[in-house]
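Structure record follows, encoded as structure tokens.
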Amino acid sequence: MTLKDQDRTAVKERETLRDLRQDPDSGTLPRRQMTPDHQESTIDERLHGRTGALLHTEMMSLNVGPQHPSTHGVLRLVVDMDGEYVVKVTPHMGYLHTGFEKTFENRTYQQGVTYAPRTDYLHCFSHELSYVLSVEKLLQAEVPERATTIRVILHELGRMHSHLVFVGTGLLDLGALTPFFYAFREKESLQDLFEAVCGYRMNQGYFRVGGLSRDIPDGWPAMVSRFLVQMEKGVQEYTTLFANNPIFQDRARGVGIIPPDVALDLGLTGPNLRASGVPLDNRKDNPYCGYETYDFEVVTSPDGDSLARFNMRLWEFGESIKIVRQALERLRPGPVSDPNRKISLPPRHELETSMEAVIHHFKLVTEGFHPPVGEVYVPTESARGEVGYYIVSDGGSMPYRVKIRAPSFVNLQALEYACVGAQFADLITILATIDPVLGDVDR
Amino acid sequence: MDPVTGKNDGQKVTSEAERLTGPDAGRQSSPDQAQVKPAQIVVRADPPAITVTPNPALPVTVEVTQGGAAVGRMPVAAPTPPADPRDVTGLMAELGLTEDDSAEPTALVLPERLREVAQALKARGFMLMDTVGLDYLTYTQPRPKRFAVLHNIYHPRDHRRLFLRVWLDEGQPLDSLYPVWKAANYLEREVYDLMGVEFVGHPDLRKVLTPDDLEGHPLRKDFPLGETPTLFRDGRFLDPAAFRAGVTGQQSGLTGYRGELRRGRGEDRLPPVMPEGGPK
């Protein structure tokens with residue numbers, strides 16, 4: 001075989017590759033690129049792989065980030081490129097590492113609520129909820145019905161908030177500027193709702209161990225209902241704006257396919273896993289906060305490509321809206337925190353009349369409560385996947401050890417797999433659809 | 001349509017058949033019905049340990065006291081028979097593992113058996129969710145060894161969850177689970193970085209979260225907490241104590257930032273302001 005023949009073979013191979021990629025039915029890269037051992041590009045791949053046919057080419061390492069809008073935070077990627085094709089991706093993270101887990105060990109359980117939402121700053125309520133649920137399991141605290149219902153509402157609104165940012169910035173990465181403004185219109189309304197309920201637009205820290213920090217303001221459920229109507233209209237707009245847009249579909253279909261067995265091997269959870277066809281959703285499978293009593297569907301897609309991952313978020317809007325509607329109907333007046341004075345602060349007015357209340361208040365604020373010795377883990381479903389706080393208690397008023405199961409951190413491993421064999425522009429698409437939050441990655 | 005491989009489908013069918021004919025016939029075990037396993041809390045108030053299983057049917061409660069303060073109400077009941085489809089005691093017996101007395105279903109694994117056990121679990125369709133590194137140096141109760149590594153294993157179809165606990169001495173390496181689950185890649189790198197456990201057979205064991213020039217493993221209990229004097233690249237040296245003195249206004253401080261402005265000195269370093277009539 002002469003050199004020219006080899007070149008022709010290479011060209012042909014590349015054309016087949018391109019054809020395969022554009023055929024939505026075959027919808028996959030050649031199988032040999034899909035080996036699970038995606039970590040290392042072999043010498044063989046580098047020397048005899050799909051090198052440029054007629055030009056002298058060599059492997060090039062390209063640095064992306066850490067400060068770049070399309071990396072969704074502070075993520076640095078070193079991309080080994082062969083012409084336009086990605087051979088290997090090496091993410092470097094840790095730029096946002098602030099040692100949350102160590103900080104938890106030196107703060108009381110109740111103070112930890114401040115740190116939990118700062119990990120995943122787009123779906124803050126997921127981490128907050130997961131943290132308080134773990135501590136409540138340790139304490140066997142009784143959360144009142146009203147608090148649980150409000151938690152469900154905020155948890156789902158937070159999921160919508162995160163997905164809205166996904167829709168806006170994800171499309172921005174693909175060069176579509178308009179959806180950003182549409183999505184952020186609804187996002188602003190959502191943040192107004194969060195602000196109304198607890199005073200913060202982000203990083204709320206509204207939940208408390210045993211309930212909520214305070215009750216929702218009057219008229220808030222009506223505000224949420226109005227928002228849901230606006231949101232439904234918004235989802236329709238996003239669907240017509242980009243989900244049915246042929247330019248967008250060409251950019252996303254068949255790009256970065258993750259088959260279900262690989263997705264499970266890589267530990268993916270959340271919409272990324274459901275886009276590969278595995279119907280794993282902790283709201284259904286490991287229900288918390290009474291999710292088993294709500295009527296909603298777990299949306300999956302068999303495709304596993306970037307388009308499926310985009311659509312997954314759009315479909316989940318509808319399910320979240322359904323859950324919030326049901327929760328709003330269940331909202332009844334009542335207490336919003338555990339009546340146990342060893343866990344919850346006494347009501348303010350009692351401090352003026354009851355010495356006991358003052359003592360409880362003082363003990364809780366200065367020292368906090370002492371959960372029994374034990375190790376607990378409560379999985380919850382955030383917008384990104386399974387969030388869980390593995391909390392070890394040694395009987396003290398501060399956790400002995402807190403390990404955050406951060407879905408973005410694990411999901412990011414899919415990048416190294418899904419990008420191999422894709423073009424550089426596809427890398428941005430894949431990174432956008434995997435939707436990591438770097439605060440969640442680095443903690 | 002079930003898009004996962006036919007193998008998994010087959011397993012699912014088997015479990016369906018077992019559900020219909022097995023001893024648990026009639027029990028709802030489909031994932032949509034969302035079975036909740038009652039939380040098992042173990043109160044280790046010095047040996048012997050008491051296993052407490054909350055059961056709403058039996059409203060007997062005890063006050064669990066810890067450190068003199070009564071905390072939480074714990075409903076007490078006799079241990080329920082393992083009829084739960086998510087129960088993993090059968091699985092643990094199958095793999096020859098001993099159960100750890102923990103609130104979560106935890107199995108003790110010897111370090112040399114870890115990979116073999118993991119492979120057996122992978123063959124049964126389990127996935128790796130998380131890896132937790134633990135340092136029990138200052139724990140209030142005696143533990144077998146200083147370190148523990150917990151692998152959080154989960155079955156995505158029948159939703160069983162199992163924690164594999166491996167006890168380790170300081171400096172004792174552990175077999176990496178990367179050859180079994182690719183998910184172990186970053187998870188083990190994180191444990192290596194923050195806890196200093198070395199994983200044998202990991203292809204790319206580098207630091208992942210902390211900066212390259214940080215020595216030590218921050219999540220170890222003997223990692224010093226506190227302030228460090230910092231020398232910046234531009235030659236500015238920051239001593240924490242002097243810095244704090246500067247910002248409280250007691251001394252001029254080494255940074256000269258704000259402290260002297262507040263006391264009416266250092267006008268030559270006032271921040272630039274917009275001139276009258278807008279920018280020229």
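Using the Cβ-Cβ distance between A:Leu62 and B:Lys221 with R0 set to 45 Å, the FRET efficiency works out to roughly 0.65.
Could you check the spin-label model distance between A:Glu237 and A:Thr366? Points 7 Å from the Cα along Cα→Cβ, value in nm. Once both label points are built, they end up 5.4 nm from each other.
Here the contact order of chain A, divided by its residue count and restricted to Cα pairs under 8 Å and six or more residues apart, works out to 24 percent. In segment A:351-378, comparing the full protein assembly with the chain on its own, the residues that lose 20 Å² or more of accessible surface at a 1.4 Å probe are A:His370, A:Pro372, A:Val373, A:Glu375, A:Tyr377.
For the options A:Gly290, A:Gly205, A:Gly112, a Gaussian network treatment of chain A with springs between C-alpha atoms closer than 10 Å singles out A:Gly290 as fluctuating the most. Buried area at the B:A interface is about 5900 square angstrom, summed over both chains, from accessible surfaces computed with a 1.4 angstrom probe. Placing pseudo-labels 7 Å out from each Cα toward the beta carbon at A:Glu292 and B:Ala120 gives an inter-label distance of 3.0 nm. As a calculated quantity, the FRET efficiency between A:Phe424 and B:Glu170 at R0 = 51 Å, using C-beta atoms, amounts to about 0.70. Relative to the longest principal axis of the Cα atoms of chain A, helix A:145-173 runs at roughly 30 degrees.
The values are calculated or read from the model by the stated rules, or taken from the named source; none is laboratory data. The structure presented is a predicted model; accordingly, all values stated were derived computationally and were not measured. Note: ideal-geometry Cβ built from the backbone for every residue, glycine included; neighbour counts use all protein chains shown. For the accessible areas, the whole protein counts, side chains as well, though only heavy atoms, and no ligand, DNA or RNA atoms are used. Shrake-Rupley method; radii C 1.70, N 1.55, O 1.52, S 1.80 Å.
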